[in-house]
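The values are calculated or read from the model by the stated rules, or taken from the named source; none is laboratory data. Owing to the predicted nature of the structure, the values given are computational and were not obtained by experimental measurement. Backbone-built Cβ (ideal geometry, glycine too); neighbour counts: all protein chains shown. Only protein heavy atoms, including side chains, enter the accessible area calculation; ligands, DNA and RNA are left aside. Shrake-Rupley method; radii C 1.70, N 1.55, O 1.52, S 1.80 Å.
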Amino acid sequence: MADLLRLALVGCGRQMQQNLFPFLQRIRGHQVVACVDPDLSLAADVQSLAGGATCVSSVDELDLEMVDAAVLAVPPEPSYLLVRQLAERGVDCFVEKPAGPSTPALQDLEHVVRRSGRHVQVGFNFRYAETLQRLHELSEEIRATPCSVTIDFYSRHPSAPQWGVDTTLEAWIRHNGVHAIDLARWFVPSPVVQVDAHAIASDADRFQINLFLRHHDGSLSTLRMGNHVKRFMVGVTVQGMDGSRYSAPSLERVTLELSDGVPHGQELHATRNLDHGWGRSGFGPELQAFVDACAQRSAEPQTGGRPPVKGVPSVSDALAASALCDRVMAELNTAATNGFGLLTGSVRASA
């Protein structure tokens with residue numbers, strides 16, 4: 001029997017307890033060996049379910065020779081510092097987005113990860129949602145040429161400034177809207193060269209954002225986002241130059257709305273959500289991908305500078321998304337929450 005991947009869980013708060021750990025419990029091939037949180041009561045809560053794990057308040061208290069990989073769910077500043085430390089010590093990492101507090105921090109982290117040769121995966125879980133995966137596959141041909149992608153992404157939270165960010169608008173864009181920006185890069189395999197950003201605010205903490213990204217090949221991504229809603233919603237539509245339009249109006253189904261420009265209305269995929277959210281949320285498949293990638297790379301010769309695992313959201317993806325967040329905020333702030341501007345340099349496409 002192959003050795004189990006030895007996992008440390010770092011940051012045992014709400015995200016770990018409600019979203020990450022429950023899915024890790026359904027994955028084979030690993031063993032939780034440590035639960036880490038400055039609040040030891042939170043670490044103990046997860047430890048009681050993990051069985052046999054060490055409970056400590058800091059990564060510095062761990063013997064990293066006994067840890068193969070870590071799953072981190074902590075705020076951006078400590079997240080960046082911890083991933084940097086762990087990667088340099090030879091530990092693979094799964095880190096919740098945005099993986100760092102700023103674009104310069106993520107640039108530094110990208111250099112560290114590349115130099116270390118470790119596998120570092122960033123938690124853009126919607127790439128792994130079953131319905132969006134299916135839409136991605138079905139629209140592959142039309143996305144190979146200039147196309148139009150519309151992404152609806154709404155979440156009530158954050159509804160106040162947090163994680164050291166001064167305004168609710170910026171906190172929401174950098175820590176939640178960044179998911180929609182990542183999806184735009186994933187669905188359109190062409191660098192972003194132009195940004196047009198507009199925001200409508202009912203007050204300082206409730207807003208709607210319309211973001212337009214022009215890609216190098218002429219494709220256009222339209223992102224309709226905001227926290228003015230009562231519940232979470234996400235949907236993606238892809239329209240091609242061949243007159244077809246594929247739509248995932250929610251995380252439950254995919255339809256072919258237009259075929260050759262003619263209304264079609266055929267349902268191509270549906271999920272009945274009987275798997276306790278495994279396929280719907282994407283958390284389960286992305287953590288499975290992380291465990292599998294770590295196991296695969298541990299069997300390979302240990303050489304520095306190994307390329308990232310293909311198709312897996314990496315620190316480079318988090319860096320590109322952060323650069324777009326920077327530009328969105330610059331456009332909004334320059335023109336009193338409505339802006340338009342060309343990029344001096346294009347933002348690279350998703351790997």
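Descriptive notes on the structure:
- Among beta bridges that DSSP assigns inside the chain, antiparallel share in %, nearest 5: 60 percent
- Remark: accessible surface ordering of 27, 200 (largest first) is 200, 27, probe radius 1.4 Å.
- The stretch 137-229, dipole about Cα centre (Lys/Arg Cβ +1, Asp/Glu Cβ -1), debye to the nearest 20: 100 debye
- Area of residue 222 that stays accessible when all protein chains are in place (1.4 Å probe, Å², to 10): 20 Å²
- Built amide H within the under 5 Å cut-off of residue 54, gap 5+: 34, 35
- The share of Cα pairs per 10 Å bin across the stretch 183-287, counted from zero up to the longest distance, runs 13, 32, 37, 18, 1 percent.
- Using θ = phi - 60° and Karplus 6.51 cos²θ - 1.76 cosθ + 1.60, couplings along the stretch 112-124 (whole Hz; Gly, Pro as x): 4, 5, 5, 5, 6, x, 7, 8, 10, 10, 9, x, 8
- For the chain, adding -39500 (n - 2.57) for each run of n ≥ 4 DSSP H residues and dividing by the number of residues yields -9000 deg cm²/dmol at 222 nm.
- Report note on the peptides 60-69, 168-177, 248-257: ranked by the mean count of other C-beta atoms within 10 Å, highest first, their order is 168-177, 248-257, 60-69.
- Neighbourhood net charge (12 Å Cβ-Cβ; Lys/Arg +1, Asp/Glu -1) for residue 232: +3
- Exposure check, 1.4 Å probe, all protein chains in place: residue 147 carries approximately 10 Å² of accessible surface.
- Pairs of alpha carbons in the stretch 131-231 separated by more than 17 Å make up 53% of all such pairs.
- Kirkwood Rh in Å, taken over all unlike Cα pairs in the chain: 20.9 Å
- Sorted into 5 angstrom bins from 0, the C-alpha pair distances of the stretch 1-133 split as 2, 11, 21, 24, 20, 14, 7, 1, 0 percent.
- Phi angles across the stretch 41-51 convert, under the Karplus curve 6.51 cos²θ - 1.76 cosθ + 1.60 with θ = phi - 60°, into 3J(HN,Hα) values of 5, 5, 4, 5, 4, 6, 4, 5, 9, 6, x Hz, Gly and Pro given as x.
- Per residue, the convex hull around the alpha carbon atoms of the stretch 6-80 comes to 86 Å³.
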